[in-house]
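Okay, structure first, notes after.
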Amino acid sequence: MEYLNRKDGISASALDAYIRCPKRFFLQYVCAIDKPQGISEEDDPAEVGDIIHAVLRETFMPYKNRPLPAKSQEDLRKDLAQRAASLFENALGNNAGAANLPPQSLFMLRHSGPHKLRTYILGMPDEQSTVLDLEQQRTAAINVGAATRRLCGCIDRIDRREDGLYILDYKTGAINLPAKSLWENSSLWLANFE
């Protein structure tokens, strides 16, 4: 639990690891023990997520502090979707991690990645959006009773829309929701470690 008192905060990934498996959290974050390196015969979801995040950052960077194309501007949206697909293909060709993927996974990724990016961009909300920031590290203090917890992480994208600010968190894998009992775990949230 001492890890929760870090001055630089605890990341959402570390908190998620603790929720899923406290032992894994301890080994990975407290002891800093990495997974053994070897030849992978499986996909590397983290590597794929890194590629997608980099592609989306590069796709939207020209629109920082500028309005994104609205759905009514279909040609501009299609151009943006094509830009994302091209950046993705280039990223796969230049990424050492992608080269280490099993051939069948790389084949599927080459075909599904551009399609998913196009679908995402063409399906963006119809309302006017302006990209305010991309891939920004942030830290926030949260007071819970007498304890203060610092959370840190990377915000993928911040948009201004007609009704306010939106924080976007790109998800490339499964979303595991924590058990309801997590929020009732007073030893995690209220303990004073100082």
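Quick one: in the range 105-141, of everything that is exposed (fewer than 14 other Cβ atoms within 10 Å of the Cβ) and touching a helix residue (DSSP H, G or I) at 6+ places or on another chain (Cβ under 9 Å), which residue is farthest from ALA46 (Cα to Cα)?
LEU122
Taking the stated definitions as given, is SER86 polar (S, T, N, Q), open to solvent by less than 80 Å² (accessible area, probe 1.4 Å), outside any strand (DSSP E or B) and at pLDDT below 90?
Working: polar (S, T, N, Q): yes; open to solvent by less than 80 Å² (accessible area, probe 1.4 Å): yes; outside any strand (DSSP E or B): yes; at pLDDT below 90: no.
No: the conditions fail for SER86.
Test each condition in (1) under 15 Å from ARG118 (Cα atoms); (2) in contact with a Phe, Trp or Tyr (Cβ under 9 Å, 6 or more places away or on another chain); (3) assigned to a helix (DSSP H, G or I) for GLY49 and report the one that comes out false.
So GLY49 meets the others, but not (1).
Going through ILE167, ILE155 one at a time, which residue ends up being open to solvent by 60 Å² or more (accessible area, probe 1.4 Å), modelled with pLDDT of 65 or more and in a strand (DSSP E or B)? Write out each step before concluding.
Values: ILE155 fails: open to solvent by 60 Å² or more (accessible area, probe 1.4 Å).
It is ILE167.
Could you check ALA81 against (1) crowded, with 17+ Cβ neighbours inside 10 Å; (2) under 18 Å from GLY49 (Cβ atoms) and say which number it fails?
All conditions pass for ALA81, except number (2).
Whether any residue in the range 138-151 is of a type outside the set (Asp, Glu), modelled with pLDDT of 85 or more and more than 23 Å from SER13 (Cβ to Cβ) is what I want to check.
No, the conditions are met nowhere in the range 138-151.
Can you name every residue in the range 2-39 that is modelled with pLDDT under 70 and either surrounded by 12 or more Cβ atoms within 10 Å (Cβ to Cβ) or within 26 Å of ARG157 (Cβ to Cβ) (or both)?
The initial filter retains those residues of the range 2-39 that are modelled with pLDDT under 70, namely 2-8, 35-39.
Hits for the range 2-39 are TYR3, LEU4, ASN5, ARG6, ASP8.
Please give the number of the condition LYS71 fails out of (1) open to solvent by 50 Å² or more (accessible area, probe 1.4 Å); (2) touching a Leu at 6+ places or on another chain (Cβ under 9 Å); (3) in a helix (DSSP H, G or I).
Of (1) open to solvent by 50 Å² or more (accessible area, probe 1.4 Å); (2) touching a Leu at 6+ places or on another chain (Cβ under 9 Å); (3) in a helix (DSSP H, G or I), only one is false for LYS71: (3).
Only one of (1) surrounded by 13 or more Cβ atoms within 10 Å (Cβ to Cβ); (2) modelled with pLDDT under 75; (3) within 20 Å of the chain's Cα centre (by Cα); (4) not small (Gly, Ala, Ser) is not met by ASP50, so which one is it?
So the condition that ASP50 fails would be (2).
Spot the failing condition for GLU42; the list is (1) part of a helix (DSSP H, G or I); (2) at pLDDT below 85; (3) open to solvent by 100 Å² or more (accessible area, probe 1.4 Å), and only one is missed.
Of the numbered conditions (1) part of a helix (DSSP H, G or I); (2) at pLDDT below 85; (3) open to solvent by 100 Å² or more (accessible area, probe 1.4 Å), the odd one out for GLU42 is (1).
Would you check if there is a residue in the range 104-120 being of a type in the set (D, E, K, R), in contact with an Asp or Glu (Cβ under 8 Å, 6 or more places away or on another chain) and over 20 Å from LEU165 (Cβ atoms)?
Restricting attention to the range 104-120, the residues satisfying the condition of being of a type in the set (D, E, K, R) are 110, 116, 118.
Now drop any that are not in contact with an Asp or Glu (Cβ under 8 Å, 6 or more places away or on another chain), which leaves 110.
Filter once more, keeping what is over 20 Å from LEU165 (Cβ atoms): 110.
There is at least one residue in the range 104-120 that is of a type in the set (D, E, K, R), in contact with an Asp or Glu (Cβ under 8 Å, 6 or more places away or on another chain) and over 20 Å from LEU165 (Cβ atoms).
Looking at this structure, is SER112 more than 29 Å from SER72 (Cβ to Cβ) and in a helix (DSSP H, G or I)? Outline the logic, then answer.
Working: more than 29 Å from SER72 (Cβ to Cβ): no; in a helix (DSSP H, G or I): yes.
No: the conditions fail for SER112.
The values are calculated or read from the model by the stated rules, or taken from the named source; none is laboratory data. A quick note: this is a predicted structure, and the numbers were derived from the prediction, not measured. Cβ coordinates were reconstructed from backbone atoms using ideal geometry, including for glycine residues, and neighbour counts include every protein chain displayed. For the accessible areas, the whole protein counts, side chains as well, though only heavy atoms, and no ligand, DNA or RNA atoms are used. Shrake-Rupley method; radii C 1.70, N 1.55, O 1.52, S 1.80 Å.
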